[in-house]
Every structure is written in C-alpha cells, then in structure tokens.
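Trainee: Take this structure first; my questions come after.
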Amino acid sequence: MTLLKNEKSLVVPGTVIAKGLDFLPGSGSYRSGDEIRSKYLGLVRLKDKLVSIAPLNGVYMPKPGDGIVGVISEMQATFWIVNINSPYDAIMQLGEASGDFIDLQKTDLSSIFDIGDVIFAKILSVTKSKHVNVTMNDYRAKKLTGGMILYINSSKVPRVIGKEGSMIEIIKQKTGCQIVVGQNGVVWIKGEKEALAAKAVMLIEKESHVSGLTDRVMKLLEGV
C-alpha cells in the first residue's frame, strides 16, 4: 500500500491519492482498481485508512478576525482543538481561552471547555502552512449552551445575515430564537421554534440567488 498525497494536499479530479486495498474511499473519493482517486478539486482528509476530499467550492478558508462558531473536538495539556467547519482544525491555547490566570495544578481544563462544547470565537491567526489559532479574548466571544447547530455553505453567510443584519433579524423576531451565524458557515440556534428558524436559514441558503427572497422567508415564518 502506498499513500501518494498527504493530509491537506490540494488535488484535482482524478488525482491518485493512494494505492493498495488497505485504504478505503470516503466522501469525495472513489476506487479505481487498486487506486483511490479524487472526485473533486479539494483538500485531502485522512482518518485512519479512510481517504476523503473536502471540496474547495464553498469550503470555509479561515482568515484572521473572522467570527466563527466552533465545536471543541479534543483537549490536550495546555490547549483545545476546535472544529471550525474547515479542512483545517484550529488550536485554542490556554491563554486565549480566558483573560484570567489559569493554574493548571488546580484546574481541570474540561471545567473551562469540554469536548462537544460550542463556542463563538475569533480567528486570531493563520500561518502560511495553515495552522489556525482562535481566541475567546474578544467582546463577542462566548460559550453557546443548548440549542442546535446547522451547517451551511460559508459563501452564503452574507445572504443569511442580510444587509445590516436585516434577514437574520427577521428570523429572530418571528421565531423568538437566539441565532449566532459564524463566518465559517456554522449557525447556532436556540429557542422554542428552532426547527422553523432552521428551515428559514436553509431556504435562504438554497435560494440565495433568487429575487424576492425576503418575501418567501416571511411567508415561511408566518405559515402562509
């Protein structure tokens, strides 16, 4: 068995990523004989022997200053790994998790952020090799408890938010939900009408290019 492309390598459709029957094709890849090839222009993702491709079309590419909704996926001795709905996971160092001093001898990191916790954070930095760091040291940053999360194409985020926040404000008012939209295409919704709010967000994503969208969203929310 031979792995021809490394994790996060950029590949075009048809690129041979691995040879041998020990590897398995995942999302965005397929088997051709004893080879695994890419279906898309995208980035290679490897998990054990599973080979997947994250397509570049609509994939969130983090930029410093972006406000994102992330999910804590792992904990290490002095940092957390955050899933930011991107080909690149992010690191949150201990000093970026809180403005207060944290004594590691007395503090269990899971009491601050645990695996599965949802946060609204800011992209602090992105290196040339795509190492991403996030921070909670921002006035907007907070832990998001309860509710549900929804994944949309990150390129549709401006349409979901609307001009000066007009579209998302309509959904909040009509459903009574709290809604946080990350620039990474992750939407957190909490309230009694979460399902209705989610339907409205998905409608906007699907029909963002069609005129009269606000009217259709209003009809959906009002049950017309």
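FYI, it's all coordinate maths here, none of it is from the lab. None of the values given here were measured: they were computed from a predicted structure. A quick note on method: Cβ atoms are made from the backbone with ideal geometry, for glycine too, and the neighbour counts reach across all protein chains shown.
Trainee: Suppose we keep just the DSSP beta bridges with both residues in the stretch 67-144; what percent of those would be antiparallel, to 5?
Mentor: So the antiparallel bridges in the stretch 67-144 amount to around 90 percent.
Trainee: Continuing with the same structure: Sort out for me the Cα centre separation of the stretch 53-85 from the stretch 11-45, rounded to whole Å.
Mentor: Here the two parts' Cα centres lie 24 Å apart.
Trainee: Hey, another quick one. What does the charge count around residue 65 come to, taking other residues whose C-beta lies under 13 Å from its C-beta (Lys +1, Arg +1, Asp -1, Glu -1)?
Mentor: +1
Trainee: Would you list, by chain and number, the lysines whose Cα falls below 20 Å from the Cα of residue 8, excluding same-chain residues fewer than 8 positions away?
Mentor: Partners found: 19, 39, 47, 49, 63, 128, 130.
Trainee: Oh, and also: So how do 22-29, 106-113, 83-90 stack up, highest first, on mean other-Cβ count within 10 Å?
Mentor: Those peptides, ordered most packed to least, come out 83-90, 22-29, 106-113.
Trainee: Once every DSSP H run of n ≥ 4 in the chain is given -39500 (n - 2.57) and the sum is divided by its residues, what mean residue ellipticity at 222 nm do you get, rounded to the nearest 500 deg cm²/dmol?
Mentor: -5000 deg cm²/dmol
Trainee: Can you give the log10 of the normalised intensity I(q)/I(0) at q = 0.13, 0.14 Å⁻¹, computed with Debye over equal Cα scatterers of the stretch 2-55?
Mentor: -0.21, -0.24
Trainee: Could I ask something else about it? How big is the stretch 148-222 by Rg and Dmax over its Cα atoms, in Å?
Mentor: Cα only, the stretch 148-222: 10.8, 29 Å (Rg, Dmax).
Trainee: Also, I was wondering about something else. I'd like the per residue volume of the convex hull spanned by the Cα atoms of the chain, given in cubic angstrom.
Mentor: Dividing the Cα hull volume of the chain by its residues yields 152 Å³.
Trainee: Would you work out the Kirkwood radius for the stretch 85-149? I mean one over the mean of 1/r across all pairs of different Cα atoms, in Å.
Mentor: After inverting the pairwise mean of 1/r, the radius is 13.1 Å.
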